[in-house]
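What follows is one structure encoded as structure tokens, with my remarks underneath.
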Amino acid sequence: METKKKFSIMDAILTVICVVFVAEAAAPVASIGNSQYFWWIFMIIAFLLPYGLISSELGTTYNGDGGMYDWIRAAYPKGKTAGRTAWYYWINFPLWMASLAVLCPDIISIITGITIGAVPSLLIQLAFIWIVVFISFYPASNNTWILNGAAVIKVLLALIMGGLGIYGAMTNGVANEYTLSSMLPSFDINSLSFISVIIFNCLGFEVICTLTGDMENPKKQIPQSIIIGGIVIAAIYIFCAFGIGAAIPSDQISADTGLLDAMMLLTGKTGGLFIAVMALFFMVTLFGNMISWSLGVNSVASYAADNHDLPQVFGKRSKKNDMPTGAALMNGIVATIVVVIGAFLPDSNLFWSFFALNLVMFLLSYLPIFPAFLKLRKTDPDRERPFKAPGGAVMQKVLAILPMALIVISVIFTAVPLAFDSETLAATLPITIGSVVFLIIGEIIIAVCRKKNAE
């Protein structure tokens, strides 16, 4: 009998880094200026740390292929909370995939020096989507070389960016003046709207919890990979943030290709072998993001379909390897529809529009995790917990309430127009409308699935 390949602890750590560290999301945060450093440090302490501890406890106590859906369903078995979580968690993925797909033609232009037209751009976007879908048909243990390679390249990009920033600061001075007042938090609407991106950059620990079937010792590897990976991620985020902040004035940072823009500015080159290689690395990280996240998202969607919270098409699995191919195909179909519609929209920042919409749905999916943690500690106290978040009852409430409050604030500043001038409305209203539409669609889908199950 053939022995199934298993994740090693290093595979698990690199998968956490591949999932959580998002290179393309560093630029939007850097655009808020020097106050980004305060927000990075604050969010690492107030969000990343408690979220990592809670994920480690829930992932080792309620370990299964359903991940966060398992945890929430264990806490709220009779309501629609788990179904809503699965829907928000799934729908964000094809929206995110579409946002990354629209970056690919620009990156290829940087690599080749060739301007790409509208039709070839659309074909490139579709190729990116369906390559990701095809790879997600295979188990994580078969794709460790992709996940590990993408993780290493992400760290390498962050180190190069930080190194270039330090070199540029020493030789030419920094692009943004570093003063105490500039480092203090900014509370204007634009800055606060990007704080949600920092939270987004900290999410993903629960994905490793859906891969327990590929692990040698999940009860040991899950907390180890989350803790070690979290420390590495926090360090490289701050280092990369400094590189971008030192390289380019905050008001000139592009929300999509800002990482590459900063490298071009620091090297004084818009092309050449170095920039082409960096752009190629950047594209590899985009594939790594999508492949690693698809493993967790598809598993959750399939598990929810098995429990009649999502349509049965999401529960379709491969007869050869039992992978959730139905959810993967739905990812491709929805992402395809989004990029095709985007091709007919007026020229605008499609990356940020699609990314912000995916961001809202994604953040909403995490809200129930924290009250579920508190409820399970109270209603299931005797269950074996291989890893326990530290502290007593008061500490547990702090660990849960603080990140939950930050998610609520982030959703408000991302999706709700807080000013009514034409520029703000044009930027925010489509996100508001899109979020409401997907919330309504989710309620309809969950109601129909439950009705069919009852019948």
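For the chain, the normalised intensity computed at q = 0.06, 0.08, 0.10 Å⁻¹ comes to -0.24, -0.43, -0.69 (log10 of I(q)/I(0), Debye sum over alpha carbons, equal scatterers, no solvent). In the assembled protein chains, M10 presents an accessible area of approximately 110 Å² (probe radius 1.4 Å).
What base-10 log of the normalised intensity I(q)/I(0) is obtained for the range 83-134 from the Debye formula, alpha carbons as equal point scatterers, at q = 0.28 Å⁻¹? After summing over all Cα pairs, the log10 values are -1.03.
Given in Å, the Rg to one decimal and the Dmax to the nearest whole number for the Cα atoms of the range 289-350 are 14.1, 44.
Compute the long axis of helix 422-454 from its Cα atoms, compare it with the longest principal axis of the Cα atoms of the chain, and write down the angle in degrees, 0 to 90, nearest 10. Result, in degrees: 20.
Max-minus-min Cα coordinates of the range 10-164 on each principal axis give 55, 38, 31 Å, with the largest extent listed first.
Between K220 and F344, what length comes free when the chain is fully extended (0.36 nm per residue of separation minus the Cα-Cα distance, one decimal in nm)?
Here the segment from K220 to F344 would lengthen by 39.7 nm.
Above 18 Å, the calculated P(r) of the range 102-190 contains 71 percent of its Cα-Cα pairs.
Over the residues of the chain, the helix contribution to mean residue ellipticity at 222 nm works out to -23500 deg cm²/dmol, using -39500 (n - 2.57) for each DSSP H run of at least 4. What do you get for the angle between helix 369-379 and the principal long axis of the chain? Use alpha-carbon atoms, 0 to 90 degrees, nearest ten. The helix 369-379 is inclined about 30 degrees to the chain. Given in Å, the Rg to one decimal and the Dmax to the nearest whole number for the Cα atoms of the range 301-455 are 19.6, 57. Rounded to the nearest 10 degrees, the angle from helix 9-20 to the longest Cα principal axis of the chain is 60 degrees. Only protein heavy atoms count here; under a 1.4 Å probe, C202 has an accessible surface of about 0 Å².
Can you give me the Cα centroid spacing of the range 422-446 and the range 91-150 in angstrom? Result: 25 Å between the Cα centres.
Using only C-alpha positions, report the orientation-averaged shadow area of the convex hull of the range 364-455, nm², one decimal.
So the Cα hull casts an average projection of 9.1 nm².
Volume per residue of the convex hull around the Cα atoms, evaluated for the range 146-191, comes out as 121 Å³. The stretch between A118 and M10, if pulled fully straight at 0.36 nm per residue, gains 34.7 nm over its current Cα-Cα span. The lysines within cross-link reach of K397, meaning a Cα-to-Cα straight distance under 23 Å and a gap of 8 or more places when in the same chain, are K375, K378, K388.
The distance separating the Cα centre of the range 382-401 from that of the range 40-79 comes to 11 Å. In percent, rounded to a whole number, the relative contact order of the range 48-145 is 16, using alpha-carbon pairs under 8 Å and six or more apart.
The values are calculated or read from the model by the stated rules, or taken from the named source; none is laboratory data. Everything numeric in this text was worked out from a predicted model, so none of it was measured. Quick note on the areas: whole protein, heavy atoms, side chains included, nothing else; ligands and nucleic acids left out. Shrake-Rupley method; radii C 1.70, N 1.55, O 1.52, S 1.80 Å.
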